[in-house]
Each structure stands twice: as structure tokens, then as C-alpha cells.
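The values are calculated or read from the model by the stated rules, or taken from the named source; none is laboratory data. Since the structure is predicted, the reported quantities are computational estimates derived from the model, not experimental observations. Ideal geometry is used to build each Cβ from the backbone, glycine not excepted, and the neighbour counts take in all protein chains shown. Calculation scope for accessible area: heavy atoms of the full protein, side chains included, ligands and nucleic acids excluded. Shrake-Rupley method; radii C 1.70, N 1.55, O 1.52, S 1.80 Å.
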Amino acid sequence: MIFIMLDTAKQNDRIFLSPPHMGGQELEFIHDAFDSNYITPVGPQVNAFEREFAEVVGARHAARDIFDAYVHALRDLPGAAFMPEPEGCRSTRWLTCLTIDPVVAGTDRDAVIQALKNENIEFRPTWKPMHLQPLYQDCEVVGGAVFEYLFEQGICLPSGMGMSEADFGRVVRVVRGCWEG
């Protein structure tokens, strides 16, 4: 699950993407050794837990609500696209991923990354495809172009249910500023 934490004593109102946070290594997260630390397929249970937990602690948003809020706040940006939800499917939306087509947008993922970094907002590119990881560099690859596109054009925005309205607004302002600046 993704949570937002504010650690004002150490990070000056930094918005963290997840605990443990990436600690400035957001672009260098690679697999160079086998690691079995992957999330098991418990998506529906996680989403149900988040909603119940949000009600108990008085949090205003669960992951789907935050995703919907980002879509509403950023849907008019040319070249910006959010992960679609196929007919008959329901995503937990535990991550809010945005892709940016630089030709249409007039900006790119790296500009958004730099702007977020400048404002002390933690981000993460979408996951680096396994076939591009050093551990798998000598393995046969079938396909991969879609994954490479998503990695090169995509970014995960902060989306934890502990995010305040002010934090959300700050992220939206920074992202929008990349189109307007």
C-alpha cells in the first residue's frame, strides 16, 4: 500500500510516496539480484481494508478516491493520460500512474519529476521493466515495447489515503505548472 507521511522535523514538509520512502533514489531503483519481495495478489482485500481503515481513522480518501481526484484535477492537460479501467474490471487504484506524451504535452516525464523533486515531493517513475533490469539482461525477451513506453513516459503520483487536501493541492499545482510554465 502507498501512504503519504509528513516528517516536518527531518524533511521540511516533504510528501512521501511510500514507507520506507525512496530516500532520493527514485530513478535508481533497479533489480540487480533476485528478490521475492513482490506484493501477492490481494488487491481486492487491500482496497476493502483501505476503505474500512479510512472510515475508522477519519481519513477522507482511499486509493480509488485519490485516483479519481487526480483524474478530475488533471484531465484537461494535453498529452496526459491515466491508466484506463477495462470494461468488466475494477482496479484497486493503489497507485496513481500518469503517462505524458511529450509531443502533445509540450513537457515530459523528466520535467515533472524535476518539478516534484524541487518541491520536496517524492515520486516514482512507473516500474522499470524486468527485461531492462541488470539481473535479466541476458534473458530472451518477447515483446516489451509497451512496458518500455510506460516506463519512459510514466510517473507514479503520491496517492496514500493519509494525504491531506493541502498535500493533494500542492502536488496538482506542481504537475500543472509543468504544462503552464
Sum of side-chain charges, D108 neighbourhood, beta-carbon under 13 Å (Lys, Arg +1; Asp, Glu -1): -2
Surface share of carbon and sulfur [accessible, 1.4 angstrom probe, percent] for the range 71-179: 56
Percent RCO, i.e. relative contact order, over the range 71-122, from Cα pairs under 8 Å lying at least 6 residues apart: 30
When the range 52-162 is reduced to its Cα atoms, the Kirkwood hydrodynamic radius in Å: 15.7
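Apply 1/(1 + (r/R0)^6) to the Cβ-Cβ distance of E140 and V103, taking R0 = 30 Å, and write down the FRET efficiency to the nearest 0.05. Could you put the intermediate results ahead of the total?
Numbers: r = 32 Å, r/R0 = 1.06.
Given R0 = 30 Å and the Cβ-Cβ separation, E is 0.40.
So, counting K/R as plus one and D/E as minus one, what does the shell of residues with Cβ under 14 Å around M83 add up to?
Working: positive: R64, R75, R90, R93; negative: D68, E85.
Net of charged neighbours comes to +2.
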